[in-house]
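The values are calculated or read from the model by the stated rules, or taken from the named source; none is laboratory data. Here the structure is a predicted model, which is why all the values come from computation and not from measurement. As a convention, Cβ positions derive from the backbone with ideal geometry for all residues, glycine included, and neighbour counts pool all protein chains shown.
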Amino acid sequence: MVALGPALGFLMGSALLSQWINIGHNEIPNGITTDDPRWIGRWWAGFLVSACSLTILSFFLCTFPSKLPRDINQIAESVDVSQSTNSVCALGQAATRRHTLPKLTNPTQCKSLCQISKIKDIFTSITDLLMNFTYLLIVLINSVESILVVSFTTFMVKYIESVFNLSSSLSSTLTGSIVVPAAVFGTFTGGYLVRRFHMDIFTSITDLLMNFTYLLIVLINSVESILVVSFTTFMVKYIESVFNLSSSLSSTLTGSIVVPAAVFGTFTGGYLVRRFHMGILQCIKMILMACLISWFGLIALLFLKCQSTTIYQGDTQCSNSCHCASHIYEPICYQEQITYLSPCHAGCTFINGTDYSNCTCLPKGQNVRSGSCQNKCFTETFLFLLILFVVTFFQTLMATPQLIIILRSVQHELQSFGLGLENCIMKILAQIPAPILFGIIIDNQCLFWSQATCDRRGSCFIYNGDRLPLTLFGTAIIIKGISFFLLIILLIVTIRRHKTPNNPSSSHPFPPPSTLQFQEQENLLIISTS
């Protein structure tokens, strides 16, 4: 259900970007289409739609009581279940035998709630969740909130770049400098208030940072988050520039590939962890395998691009006498091979609608048309999207085992605080530098900049589609290699700990939690993945 938000965000962004910015009597300027770099979509409408949706849902949220009653069948005491660590249902049954609460008399109910060991049991569990009105409503609220998160993450940098006439790197820097610290402070404050001062916050942070396994998996998650944030921010623009697609079509394709792959990957990762009762060592091996496959996928994406023969001609000797303005971009195309920045740069003196003639830079009798040359490459685009689906699938496959390692590597009373601290560290190490780094990389591949007021450089009209894949995915491959190296270290350390004599975690890498602890861990898992 949580995938509904990103899916709606991408689809709504695509639909709105395909519409001209103004409505009513304001018509589209002549010669500008959705494929034109000067096209400005109806970006502002998304704010109105999201605001209205959130306002409507806020009334339903106000109907919740101050405290939610707990289901009597989910309340249990901590018991010793060291003999039943491989069966979640055994935990609940042992607690029921020692407690005065009513027993679960329906065997299928126990299976649907605890023992998802078969594929057919998944549908029973999904049905139970969808019949829970509180769960369903909060997931819908999170999905609507996610529309704003995905839309802002995808288009805020481009919005600031276009509206305030800033470069991509400066827009990314400003966005990250404002949004990320605010998100860190909000997440940190929320986790602190939830604990209600039950624990010394500085002692908690020290205990977590002294946990080598926790610290290492958080660093791995931060490195992986660099790729996630960068691709989420710039993938739409990358596909638009490299494969010669419009902004709306690029947004549609990105959402149609990334969102289903992320949902399927997260769901599959959670199922595999529970189906095979993975310990911490098995989870690390699973993450290592997924990281390696996605690494090879990034290498394949490096070589997929449109082999365009388009040459962007700026000032040429044949048009020197025209004194063409260097900041005006009105592209014209000659035989789908050469794109001139304007009719002036081609030396054209006559115009007939969208056709230009008597161009001194072209052979006699040759005409050019308005607009940039469109060299479509459907095969390369299809292969790129297919491999992008695979990379996204294995990237999100790591989410659940990473979360399980964090939950089981720290003390029970530090689990919720550990997740909040991990979120803060990821924002500081990944979500601030990632947009800045990749924004600079993309800016360096710009071929033609617009000119803002006071001779300041504006936004980029044309990117180098031949070199952009090399620099962008080359950097991504290096970052993925760092993550793989840290995973190898974590694997070696974990194996050595398991071989240590008298190590209580040697036989059971995950210490057996009590029933109440297990229920709380399940709640943390659901909340974090949402």
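Scanning the range 243-265 for residues that are touching a strand residue (DSSP E or B) at 6+ places or on another chain (Cβ under 8 Å) and closer than 22 Å to Asp466 by Cβ yields one hit, Ser247.
Yes/no matrix, rows are residues, columns are (1) at pLDDT 70 or above; (2) surrounded by 14 or more Cβ atoms within 10 Å (Cβ to Cβ); (3) part of a loop (DSSP other than H, G, I, E, B):
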{"site": "Ser171", "(1), (2), (3)": "yes, yes, no"}
{"site": "Ala182", "(1), (2), (3)": "yes, no, no"}
{"site": "Phe185", "(1), (2), (3)": "yes, no, no"}
{"site": "Leu193", "(1), (2), (3)": "no, no, no"}
{"site": "Phe197", "(1), (2), (3)": "no, no, yes"}
{"site": "Asp207", "(1), (2), (3)": "yes, yes, no"}
{"site": "Leu216", "(1), (2), (3)": "yes, yes, no"}
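So, Phe484, is that one part of a strand (DSSP E or B) and surrounded by fewer than 20 Cβ atoms within 10 Å (Cβ to Cβ) or not? No, not satisfied. Annotation: of all residues in the range 428-458 being closer than 23 Å to Val228 by Cβ and β-branched (Val, Ile, Thr), the one that is surrounded by the fewest Cβ atoms within 10 Å (Cβ to Cβ) is Ile428. Taking residues in the range 460-487 that are more than 20 Å from Ser450 (Cβ to Cβ) and free of Cβ contacts under 8 Å to residues at least 40 places away in the same chain, and partners anywhere that are among the hydroxyl-bearing types (Ser, Thr, Tyr) and in a helix (DSSP H, G or I), the pairs with Cβ atoms closer than 9 Å and at least 6 places apart or on different chains are Thr475/Ser230.
For the range 266-282, taking the residues that are part of a helix (DSSP H, G or I) and in contact with a Phe, Trp or Tyr (Cβ under 9 Å, 6 or more places away or on another chain), the one that is nearest to Arg467 (Cα to Cα) is identified as Thr268.
Among residues of the range 375-390 that are more than 23 Å from Thr339 (Cα to Cα), those with a Cβ under 9 angstrom from a residue that is among the basic types (Lys, Arg) and not in a helix (DSSP H, G or I), sequence gap 6+ or separate chain, pair up as Phe384/Lys305. So is Lys111 of a type in the set (D, E, K, R) and at pLDDT below 70 or not? Judged against the criteria, Lys111 is a match. Entry remark, the range 352-367: residues being without any contact (Cβ under 8 Å) to a residue 40 or more places away in the chain and either farther than 28 Å from Gly458 by Cβ or surrounded by fewer than 13 Cβ atoms within 10 Å (Cβ to Cβ) (or both) number 11 in total.
Of the residues contained in the range 323-330, one or more are found to be at pLDDT 75 or above and farther than 19 Å from Asn244 by Cα. Whether any residue in the range 514-527 is surrounded by 14 or more Cβ atoms within 10 Å (Cβ to Cβ), within 28 Å of the chain's Cα centre (by Cα) and at pLDDT 80 or above is what I want to check. No, the range 514-527 has no match at all.
Only one of the numbered conditions (1) over 18 Å from Ile226 (Cβ atoms); (2) over 16 Å from the mean Cα position of the chain (by Cα) is violated by Ile425, and that is (1).
Of the residues Leu301, Leu341, the single one that is assigned by TED's automatic domain parsing to the domain that holds Cys460 and at pLDDT 75 or above is Leu301.
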